[in-house]
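The structure appears below as structure tokens.
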Amino acid sequence: MYKYLVLIVPLLLLSAEITLDIDTTREGEVTYKEINMLKSSFQAKRIIIEDDEAKKVIEKNRYLYQTYLKDSKIPENIRINFILELEKQLALEVIRANQEDITIDDETLESYYVANKQEFNKPETISFSIYTIPNFDEGVAVYNKLRKEPQNIESYAKDHNYTKNDYTSSIIRIDRSIQSLIVHNNAKPPYILPPQYYQGAYRIFSITAHTQEGMYEFSDVKDKITTILHKKAYLRMKNKLLKPYNKQNEE
């Protein structure tokens, strides 16, 4: 009947001050608090259920726990992993429920944008040509001959019938080994890299352009900043809730 079935288990969030009354291991009536928490969980997935439906889900889950989990009729490692994952999800709900309200208006977003400009730089763009060469020794010879005159590699390649392919890409999308060489050389185009064994053949990379596009506009990153601020607020509340636990373990 439902797309999602949520099994609720007891949770003590590492502190005597933070407890939940939800308990699938006990017998007795389903509480109003349990019903509301389950409804909220469904609503987060855009599924609306009534109180009596939520109650039936919890009762069914209790039956499953009492019949199959409590009596360990499944392997212990599966039972433990299952309960740990459910406790993790409940811990997330506790943190969200206690999370402080933060004002996410345009002024707050823009203040973060201005104070953290380095986070919103557009990736550098690289234009380069890849020349396929017969073997490593020939590649070294070409590199030594042209490293001080990299602008001549195109005509040299034509004379020696090397295959050439041209590309333009964000630097972060380039193969990491090639990317590290580009960053390490830190040279202005045009320049060439030492021969590399790349995708099944020896090749020489010739960098023809290296540009920084500047920053993204504020309007382009508003949603990203909103997500960042929510995550920071979430982590603050998580750390706050864990303070009693950390203090206890330090003693």
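The values are calculated or read from the model by the stated rules, or taken from the named source; none is laboratory data. Note that the coordinates shown come from a computational prediction; the quantities given were computed from them, not determined experimentally. Every residue, glycine among them, receives a Cβ derived from its backbone with ideal geometry; neighbour counts consider all protein chains shown.
Things to note:
- Subset tally (residues that are surrounded by fewer than 16 Cβ atoms within 10 Å (Cβ to Cβ) and modelled with pLDDT of 70 or more) for region 90-101: 4
- When residues of region 195-208 are limited to those that are of a type in the set (A, V, I, L, M) and surrounded by 15 or more Cβ atoms within 10 Å (Cβ to Cβ), the one farthest from ILE171 (Cα to Cα): ILE204
- Per-region count, region 115-131, residues surrounded by 13 or more Cβ atoms within 10 Å (Cβ to Cβ) and of a type outside the set (Gly, Ala, Ser): 9
- When residues of region 117-144 are limited to those that are touching a strand residue (DSSP E or B) at 6+ places or on another chain (Cβ under 7 Å) and hydrophobic (A, V, I, L, M, F, W, C), the one modelled with the lowest pLDDT: ILE126
- Only one of the numbered conditions (1) surrounded by 11 or more Cβ atoms within 10 Å (Cβ to Cβ); (2) within 34 Å of the chain's Cα centre (by Cα) is violated by GLY214, and that is (1).
- Filtered by the rule that a residue be at pLDDT below 75 and among the hydroxyl-bearing types (Ser, Thr, Tyr), region 160-186 gives a lone residue, SER177.
- From the list TYR245, TYR167, TYR216, the one residue that fits, being touching a helix residue (DSSP H, G or I) at 6+ places or on another chain (Cβ under 8 Å) and of a type in the set (Ser, Thr, Tyr), is TYR216.
- Segments classed as helices (runs of 4 or more DSSP H), wholly inside region 132-194, with at least 2 members that are surrounded by 13 or more Cβ atoms within 10 Å (Cβ to Cβ) and in contact (Cβ under 8 Å) with a residue 40 or more places away in the chain: 136-146, 153-159
- Some residue of region 102-116 being at pLDDT below 90, under 27 Å from LYS33 (Cβ atoms) and not aromatic (Phe, Trp, Tyr): yes
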